[in-house]
């Protein structure tokens, strides 16, 4: 009996520790075009096929979803946007909940995580909070018009090797 209790406690502590690690805690997505539960299910199933996705929860009424990731070496966020469009819908937003405890951000807001280079636009070099919500502003992660407005406003000269983030919008 005690062995089962200890095993259960170890499993619980391992899952809590995994959720407290630095990096992407979850990804929230906004999807345009949902009209029924089958629409929501289609996007969910498309996202679940990605090798780095652990679980997906979709909300038909909000036309949004939350993605939890596996602890893998590489996370390709462009594949999330492609999975949504491949399911026949468009992306309204992609927002990351990032924990920066073990991630170094340089003075210009550049950092690398899980094989991807990012730039946190309008980064204030002061101390980072443990967990920050940032929105991707690259084309494909926002409607094209909105992405272009952000690029113009922030003076972004896009680089295909960098994903651009701003504080949650």
Histogram of C-alpha separations across the range 22-167, 10 Å bin width, %: 11, 42, 35, 11, 1
Length released on extending from residue 145 to residue 36, taking residue separation times 0.36 nm less the Cα-Cα span: 36.6 nm
Computed lengthening from residue 152 to residue 86, 0.36 nm per intervening residue step minus Cα-Cα distance: 21.0 nm
Per-peptide average of other Cβ atoms within 10 Å, ordering 29-40, 88-99, 151-162 highest first: 88-99, 29-40, 151-162
Theoretical gain in end-to-end length, residue 110 to residue 48 [0.36 nm per residue, Cα-Cα removed]: 19.4 nm
Equivalent ellipsoid, the range 93-169 (semi-axes from 5 times Cα gyration tensor eigenvalues, Å): 20, 13, 12
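Since every read-out is calculated from the coordinates, none of them should be taken as a lab result. Bear in mind that the values here come from a model prediction, so they are computed numbers and not experimental data. Cβ sites come from the backbone with ideal geometry, for glycine too, and all protein chains shown count toward neighbours.
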